[in-house]
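What follows is one structure encoded as structure tokens, with my remarks underneath.
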Amino acid sequence: VIAPASGSTAREFNDAIRFVERFGLRPRFPKDLYGKDILCANTDAKRFQHLKKALLAKDSKAIWCMRGGYGSSRLLPQLAKLTPPKHCKLFIGYSDITALHTFLNHQWRWPTLHGTMLEELGRGEGGRREIRDFQCVIYGLKKELVYSSLCPMNAAARACKGVRSQ
């Protein structure tokens, strides 16, 4: 569990960790995950240190971000200096975390999942299908997940009312 962008409250963090445990995973996180930075979870140096340790850890298979928000793109210059490890892992998050997804996809050829942040799942914001799909991906229960008839969540979504993914 890392926080490469914005911070969370202690309650949001604890709820997220409980979600991971209920999900059947053993969460690991730096004791100094959060600092006193006003905009970000911690200083750029600390957030990069946490990201680097998670990326290079040989005894984990996934990295899940607490939340998005400002700051993750500021880690890219240091990330570009790292040699990709021989073992890849699943990287999960969205929003401003997309900058890290793009780097890991294009530079390291790692699989990433543009998916719900832990903070949101800890608040109970994930739907049953979403959580089931996470389980399928994380535990390798299906070779692929296919969605059809997806519509953006804006004015065009009204045209898709009643359309369900397969």
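The values are calculated or read from the model by the stated rules, or taken from the named source; none is laboratory data. Please read all numbers here as calculations on a predicted model, not as lab measurements. Heads up, the Cβs are rebuilt from the backbone with ideal geometry, glycines too, and the neighbour counts pull from every protein chain shown. Accessible surface areas use protein heavy atoms only, side chains included; no ligands, DNA or RNA. Shrake-Rupley method; radii C 1.70, N 1.55, O 1.52, S 1.80 Å.
Only one residue in Ala10, Ala16 is over 27 Å from Arg109 (Cα atoms) and surrounded by 17 or more Cβ atoms within 10 Å (Cβ to Cβ), so which one is that?
Values: Ala10 fails: surrounded by 17 or more Cβ atoms within 10 Å (Cβ to Cβ).
Criteria check complete, one pass: Ala16.
Out of the residues in the range 58-74 that are more than 15 Å from the chain's Cα centre (by Cα) and closer than 24 Å to Leu25 by Cβ, which is least open to solvent (accessible area, probe 1.4 Å)?
Keep residues of the range 58-74 that are more than 15 Å from the chain's Cα centre (by Cα), which gives 58-59, 74.
This time we only want the ones that are closer than 24 Å to Leu25 by Cβ, so: 58-59.
Details: Lys58: 174, Asp59: 105 Å².
The selected residue is Asp59.
Among what's in the range 7-60 and is part of a loop (DSSP other than H, G, I, E, B) and β-branched (Val, Ile, Thr), pick the residue that is modelled with the lowest pLDDT. Step through it out loud before you land on a result.
Quick first cut of the range 7-60, residues part of a loop (DSSP other than H, G, I, E, B) only: 7-9, 23-43, 57-60.
When the remaining residues are screened for being β-branched (Val, Ile, Thr), the result is 9, 38, 43.
Numbers: Thr9: 94, Ile38: 89, Thr43: 97.
This residue is Ile38.
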Legend entry - Residue in the range 85-100 that is under 12 Å from Phe48 (Cβ atoms) and in contact with a Pro (Cβ under 9 Å, 6 or more places away or on another chain) present: yes
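Report, by residue number, each residue of the range 88-98 that is part of a helix (DSSP H, G or I) and open to solvent by 30 Å² or more (accessible area, probe 1.4 Å).
First pass over the range 88-98, keeping only residues part of a helix (DSSP H, G or I): 95-98.
Hits for the range 88-98 are Ser95, Asp96, Thr98.
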Legend entry - Checklist (1) at pLDDT below 95; (2) in a helix (DSSP H, G or I) applied to Pro85, failing item: (2)
Legend entry - Some residue of the range 39-57 being open to solvent by less than 80 Å² (accessible area, probe 1.4 Å), of a type in the set (S, T, N, Q) and in contact (Cβ under 8 Å) with a residue 40 or more places away in the chain: no
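Please specify each residue of the range 67-82 satisfying the condition of being out of contact with any strand residue (DSSP E or B) (no Cβ under 7 Å at 6 or more places or on another chain) and assigned to a loop (DSSP other than H, G, I, E, B). Don't jump to the end; show me each part of the working.
Narrowing the range 67-82 to residues out of contact with any strand residue (DSSP E or B) (no Cβ under 7 Å at 6 or more places or on another chain): 67, 69-82.
Passing the criteria: Arg67, Gly69, Tyr70, Gly71, Ala80, Lys81, Leu82.
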Inset, instruction - Assess whether Arg132 counts as being assigned to a loop (DSSP other than H, G, I, E, B) and either open to solvent by less than 90 Å² (accessible area, probe 1.4 Å) or modelled with pLDDT of 90 or more (or both). - result: no
Inset, instruction - Determine whether the range 20-30 contains at least one residue that is under 12 Å from the mean Cα position of the chain (by Cα) and open to solvent by 20 Å² or more (accessible area, probe 1.4 Å). - result: no
Inset, instruction - Starting from the range 18-30, keep only residues that are under 17 Å from His50 (Cβ atoms), then list their pairs with residues that are of a type outside the set (Lys, Arg) and part of a helix (DSSP H, G or I) whose Cβ atoms are within a distance under 7 Å, requiring at least 6 positions of separation or different chains. - result: Val20/Leu118; Pro27/Ile17; Pro27/Val20; Pro27/Glu21; Pro30/His50
Inset, instruction - Among the residues of the range 2-25, write down those that are closer than 22 Å to Asp59 by Cβ and in contact with a Ser or Thr (Cβ under 9 Å, 6 or more places away or on another chain). - result: Pro4, Ala16
